[in-house]
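Enquirer: For reference, the structure I am asking about is given below.
Each reported figure results from applying straightforward, stated rules to the coordinates on display, with no laboratory input. Just so it is clear, the structure is predicted and the values come from calculations on it, not from any experiment. FYI the Cβ positions are ideal-geometry reconstructions off the backbone, even for glycines, and counts take in every protein chain you see.
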Amino acid sequence: MSEVEHVLAVQSEAGESPHWDASQQALYWADIVDPHLYKYTPVDGQLKTFQIGIPVTGLGLRQSGGLVLAAKTGLYLMGAQLSLPELVIDPEKDKTNVRFNDGLVDPQGRYWAGTLNEVDFSASDGSLYRLDPDGTLHLMDSGLKGPNGIAWSPDHRTMYLVDSFAQKIYAYDYEPDAGHISNRRVFAEVPADSGAPDGLTVDSQGFVWNAHWGGWRVTRYDPSGSIEREIRLPVQNVTSCIFGGEDLGDLYITTAWFLLSEQDRLAQPLAGDLFRYRPGVSGLPDPKYAG
């Protein structure tokens, strides 16, 4: 196992929602506070940025090229040129202070994304939606405080969902063909002094990797929910992680300087940058939205 490597000095205000496109050998992620997208190709070290004109909060890859986006103003599709996002639907537009947060494509090509109350973090106003390839939207769960990172087990029978403001990671029974979830239970509870659970991913062994906002770390949980290891980073706000690289053996980690004081930013000059870690285990392919 390697040490955490500092990869890019991007200084994202809030880097989030990283995804690895194996066909392009490229990493995509978003700055959700200063809204734009990044595309990084490790083979040549090239970094591109894309201004998209909407307050994006999460993204997923598309089979046809381009991205599916969660934004404060609804769910969008973008073509392969990454310009002119097209609104698909905004089911929460009439709810004051409620907006979409992060999302992920499931192994069957559907996009899942959650909503939260961005003013009252104690409110259970959050919901979980599933966007099918034909554009139909389904309400899958409600009563959540801060739905965030989503991932699936290697056998596609368990779905994991972070509820950041509840300090919990949930597990659901998952029916792959129908896309149904049931039996929500607590997979892991994160102590407040370890930061809030944020984005997460699952490796090929079925272990769950979770980034901790305010916690200076990424934690690997075994399938029972016990901590297997903690990876410490030199920055406080660790936002998400995804496996990439030719062998899916690189864990890319996004971070943020959003909400840090000037003093904290001086003490954490790498906050907002991109990191990489070789854990000695590979990840799973990043699914693509079929719509």
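Enquirer: In the neighborhood of Asp141, defined by Cβ-to-Cβ distances under 15 Å, what is the net charge if each Lys or Arg adds +1 and each Asp or Glu adds -1?
Expert: Taking every Cβ under 15 Å from that of Asp141, the sum is -1.
Enquirer: Among all lysine pairs in the chain that are eight or more places apart or on different chains, how many have alpha carbons less than 19 angstrom apart?
Expert: For the chain, qualifying lysine pairs total 8.
Enquirer: Additional query: Quick check on packing: order 20-29, 169-178 by the mean number of other C-beta atoms within 10 Å, highest mean leading.
Expert: 20-29, 169-178
Enquirer: Two decimals is fine: what is log10 I(q)/I(0) at q = 0.20 Å⁻¹ for segment 80-132, from a Debye sum with one equal scatterer on every Cα and no solvent?
Expert: -0.81
Enquirer: Rounded, prolate or oblate: pick one for segment 93-236, where a ≥ b ≥ c are the square roots of the eigenvalues of its C-alpha gyration tensor, a/c under 1.5 means rounded, and failing that, prolate if a/b is larger than b/c, else oblate.
Expert: oblate
Enquirer: Could I ask something else about it? Taking only the alpha-carbon atoms of segment 1-78, what semi-axes of the equivalent ellipsoid follow from 5 times the gyration tensor eigenvalues under a square root, in whole Å, largest first?
Expert: Output for segment 1-78: semi-axes of 22, 16, 11 Å.
Enquirer: Going out from 0 in 10 Å bins, what whole percent of all Cα-Cα distances in segment 51-106 drops into each bin?
Expert: 26, 55, 17, 2
Enquirer: Still on this structure: At 10 °C and a viscosity of 1.306 mPa s, what translational diffusion coefficient does Stokes-Einstein give for segment 97-175, taking Rh as the Kirkwood radius over Cα pairs? Give it in µm²/s as a whole number.
Expert: Once the numbers are plugged in, D ends up at 126 µm²/s.
Enquirer: Still on this structure: At 222 nm, what helix-only mean residue ellipticity would the chain give, in deg cm²/dmol to the nearest 500, using -39500 (n - 2.57) for each DSSP H run of four or more?
Expert: Helices in the chain give a 222 nm mean residue ellipticity of -500 deg cm²/dmol.
Enquirer: I would also like to ask the following. Taking the Cα centre of the chain as origin, work out the dipole magnitude from +1 charges on Lys and Arg Cβ and -1 charges on Asp and Glu Cβ, in debye rounded to 20.
Expert: The dipole of the chain has a size of about 60 debye.
Enquirer: A further question follows. With a sphere of radius 13 Å drawn around the Cβ of His156, what net charge do the other residues whose Cβ falls strictly inside it have (Lys, Arg +1; Asp, Glu -1)?
Expert: -3
Enquirer: What is the list of residues in segment 164-187 whose amide nitrogen lies under 16 Å from a point 7 angstrom out from the Cα of Asn97, following Cα to Cβ?
Expert: Backbone N within reach: 165-166.
Enquirer: Per-residue counts of other Cβ atoms within 10 Å, averaged by peptide: what ranking do you get for 277-288, 234-245, highest first?
Expert: 234-245, 277-288
Enquirer: Above 23 Å lies some portion of the pair distances; for the chain, what is it as a whole percent of all C-alpha pairs?
Expert: Across the chain, Cα pairs with separations above 23 Å total 49 percent.
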